[in-house]
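Reading through the structure tokens given below for one structure.
The values are calculated or read from the model by the stated rules, or taken from the named source; none is laboratory data. Only a predicted model underlies this, so the values are computations on that prediction, with no experimental measurement involved. Neighbour counts are summed over all protein chains in view; Cβ atoms, including those assigned to glycine, are modelled from backbone coordinates with ideal geometry. SASA here: full protein model, heavy atoms, side chains in, ligands and nucleic acids out. Shrake-Rupley method; radii C 1.70, N 1.55, O 1.52, S 1.80 Å.
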Amino acid sequence: MIEIFDGHNDSVHRLLEYRPDGIDFLTRSSGGHLDLPRAVDGGLTGGLFAMFVHPEQRPMDNLTVTKTGYKVRLADALDASYARRKTKEMLDALKRLEARADRKVRIATSVEEIKAANDSGSFAIVMHMEGADAIDADLVELEKLYYRGLRSLGLVWSRPNIFGHGVPFGWPGSPDTGPGLTDAGRDLVKACNRLRIMIDVSHLNEKGFWDVARLSDAPLVATHSCAHAICASTRNLTDRQLDAIRASDGVVGVNFSVKCVRPDAQDDADTPLHMLARHVQYLVDRIGIERVAIGSDFDGATIPAAVKDASGLQNVIASLRASGFEEDAIRKIAFDNWMRVFQLTW
Ligand code: ZN
């Protein structure tokens, strides 16, 4: 079985529902996409776990469907103290999971810790924050989060904050939807570079992306995005953006979200895995085999029924094989490329 490290899931919010007698990441469930037993079945040995603060209004409440596509009104900014309280709850939930997991789950802050966890049979969690809404312009909170284990940060989710502007969901459409980073956003990039926190450009609009590309001294990373040339979603990366990721020696984690994968962007789980493999092939051709990885979006999106949940990850591997990828290329996509970019960044 091919070992897999995943660049993005939204499973942390389910940990918040944990009760000693109820749903638990450590026990098998039929709900959602990810828990430890299903990760083991699928060969998943670790991943970036996103702390994401839900908007009070669900984004799809703002959905407009037309004959030729769909648009989602950009979500409102969050109140920073609300975001901070929610982020603390999620971070505490991850720490409690590690504490009660009897070493079956370890929070990792380096490639060595990820590999040591995996070598001893533990699942490795790397803490990621999807949107810096909980951080004030003084960046004090960023340092606090770093010392509690944060190693990866998306500057924005698909909403504005004091640092920049997220890209609203839409298809077909360009990711060039608004202004670039603010002064505070530029400072945040520099602070992430200084602390060696990985910066995630998924959900950032295109001008913000180019600001990060100009300012950051680390490889450009999109944890869960696909190729705009195949699916013209605002959430996907244009060829120019991909070329910049290549030039910086970064990585793209291919998103399983059917709305980013399917050329017609339909929210339809009946999406064959060769469509996902087509994005992988396109990205490999454009940016190189060292720079393409997996970013499932488990528990955050509709994914192909042929994957179903983490237990079905080897079906993705089988589909890559069927598309002609050799075993050493598959190992890079499944695991090694994330370790490579972590090592360069941290
Ligand atoms: Zn996301």
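A few points about this structure:
- Residue within the range 80-92 that is of a type in the set (A, V, I, L, M, F, W, C) and modelled with pLDDT under 95 present: yes
- Within the range 29-52, the set of residues being part of a strand (DSSP E or B) and open to solvent by 20 Å² or more (accessible area, probe 1.4 Å) comprises just one member, THR45.
- Scan of the range 1-17 for residues that are open to solvent by 10 Å² or more (accessible area, probe 1.4 Å) and either in contact with a helix residue (DSSP H, G or I) (Cβ under 6 Å, 6 or more places away or on another chain) or farther than 30 Å from ILE199 by Cβ (or both), ordered by number: MET1, ILE2, GLU3, LEU15, LEU16
- When restricted to residues that are touching a residue at least 24 places away in the same chain (Cβ under 8 Å), away from the ligand (no atom under 16 Å from the Cβ) and over 19 Å from ASP336 (Cβ atoms), the range 234-263 contains 8.
- Pair list, Cβ under 8 Å, 6 or more apart: the range 180-196 residue farther than 17 Å from TRP346 by Cβ and of a type in the set (Gly, Ala, Ser), other residue open to solvent by 10 Å² or more (accessible area, probe 1.4 Å) and part of a loop (DSSP other than H, G, I, E, B): ALA184/ALA137; ALA184/ILE162; GLY185/ILE162
- Selection within the range 207-227 - away from the ligand (no atom under 16 Å from the Cβ) and in contact with a helix residue (DSSP H, G or I) (Cβ under 7 Å, 6 or more places away or on another chain): ASP211, VAL212, ALA213, LEU215, SER216, ASP217, ALA218, PRO219, LEU220, ALA227
- Yes/no for LYS259 being more than 19 Å from TYR70 (Cβ to Cβ) and touching a strand residue (DSSP E or B) at 6+ places or on another chain (Cβ under 9 Å): no
- A count restricted to the range 58-76 and to residues that are open to solvent by less than 80 Å² (accessible area, probe 1.4 Å), modelled with pLDDT under 85 and either outside any helix (DSSP H, G or I) or under 12 Å from THR234 (Cβ atoms) (or both) stands at 3.
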